[in-house]
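Heads up, the thing below is written out as structure tokens.
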Amino acid sequence: LGDLSQFDQKHADDGDAEALERLRNLVGPRILRRMKRRTMADQLPPLHDSEARHRPRLQMDRHQASLYDQVVHDKSQDGKQGSFGMLHRLFQVCACPGMVADTPISDPKRAWLWGLLRDIQRAGEKVLIFAEWYELQDQLTREIAERFSVFADRVNGKVPAGERLERVDRFNASKGFAVLILGPRAGGV
């Protein structure tokens, strides 16, 4: 692809269909993208995606917003953490502010999750929860057991590969309300 200036000269004009086709031909043999709808269409149930229910827009409360601002401020005071480290902390503040705060803090996302889980439990359905951090997975497992009297099993990088499928099979075979917490990488595999 050449250096950045060569790349810009050849491919920067995104309105040029010929330049885009040349770029596609250059990188195409190195990229393989499989779409679920093409490779597993006969094995998957119909897609159900309710934007309002499954992708809510949650507002940070003032405590969470203050914590967010503090992380940004700390970064400006101490450049050692680096931008990636700051982004990681900001992601934690948004996903689970209790992992970053020194004292207990409200968590709008978790409050939303409890309401959604109550609805799923009433319907007798199953749910997958993706959680990035082991600490968060531990918290969710404990809190789900306390609130819903059900064991939420986990599939993450700590679970031996051979045991992961057993856990998924056990979840699939269970009747009624069940929860499986997945680490995004292990769950994706």
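The values are calculated or read from the model by the stated rules, or taken from the named source; none is laboratory data. Just so it is clear, the model here is predicted, and its values are computed rather than measured. Note: ideal-geometry Cβ built from the backbone for every residue, glycine included; neighbour counts use all protein chains shown. For accessibility, only protein heavy atoms count, side chains too; no ligands or nucleic acids. Shrake-Rupley method; radii C 1.70, N 1.55, O 1.52, S 1.80 Å.
General remarks:
- For LEU23 and ARG170, the difference between the fully extended length at 0.36 nm per residue and the C-alpha to C-alpha distance is 48.3 nm.
- The stretch 56-66 - phi-based ³J(HN,Hα) in whole Hz, Karplus 6.51/-1.76/1.60, Gly and Pro as x: x, 9, 9, 8, 5, 7, 5, 5, 5, 5, 5
- Near PHE91, once Lys and Arg are set to +1 and Asp and Glu to -1 for all other residues with Cβ below 13 Å from its Cβ, the sum equals +1.
- Average accessible area per residue (Å²) across the stretch 111-170 - probe 1.4 Å, nucleic acids and ligands excluded: 59 Å²
- Accessible area of the stretch 111-189 belonging to carbon and sulfur atoms, whole % at 1.4 Å probe: 53 percent
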